[in-house]
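Please read the structure below before turning to the comments.
The values are calculated or read from the model by the stated rules, or taken from the named source; none is laboratory data. From a predicted model like this one, the values you see are computed outputs, not experimental measurements. Using ideal geometry, Cβ is built from the backbone for each residue, glycine included, and neighbour counts are taken over all protein chains shown. Surface areas here come from the heavy atoms of the whole protein model, side chains and all, with no ligands, DNA or RNA. Shrake-Rupley method; radii C 1.70, N 1.55, O 1.52, S 1.80 Å.
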Amino acid sequence: MPAFATSISCMDGRIQEPLCSWIKKNHGVDYVDVITEPGVDKAMSRDAVSASIRTKANISVKAHGSKIIIISGHHDCAANPASEEDHIKMIRDAVRVASSWNLGAEVAGAWVDESWSVTGVGSL
């Protein structure tokens, strides 16, 4: 049976390929379900957005057996033009929100920098 992960990321097309490749390589999965929202690291702090993303993440975990959920932020985000330091804080806050959902999957964060390289920013 193929292994799945879930990516909760910004809709910016520049980050999708490097992020999915990094998730597959670092988490040993075959497929990545992708849930997008503009500036998702900041948007996760809004209840309506968080509830919608939770519903989608639950489908990924329950239907595909996703073992890990990665929440990311990225350099040059049009919907969330913040510093890298602020993005990292928002990613960690979003990881805490998603961890509270208790979906049965590990939750971790990732940062996509100006060269489109991905770095993990920890899990709970």
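Computed quantities for the displayed model
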quantity: Test: residue in region 106-123 that is more than 20 Å from residue 4 (Cβ to Cβ), aliphatic (A, V, I, L, M) and modelled with pLDDT under 95; calculated: yes
quantity: Unmet requirement for residue 7, which otherwise passes all of (1) surrounded by fewer than 20 Cβ atoms within 10 Å (Cβ to Cβ); (2) among the small types (Gly, Ala, Ser); (3) more than 20 Å from residue 81 (Cβ to Cβ); calculated: (1)
quantity: First in region 62-74 and more than 9 Å from residue 7 (Cα to Cα) and open to solvent by 10 Å² or more (accessible area, probe 1.4 Å), second anywhere and charged (D, E, K, R) and part of a strand (DSSP E or B), Cβ under 8 Å, 6 or more apart; calculated: 64/33; 67/106
quantity: In region 36-61, residue most open to solvent (accessible area, probe 1.4 Å) [restricted to those that are among the small types (Gly, Ala, Ser) and either at positive phi or assigned to a helix (DSSP H, G or I) (or both)]; calculated: 48
quantity: Qualifying residue in region 51-58 (condition: at pLDDT 95 or above, within 19 Å of residue 90 (Cβ to Cβ) and within 11 Å of the chain's Cα centre (by Cα)); calculated: yes
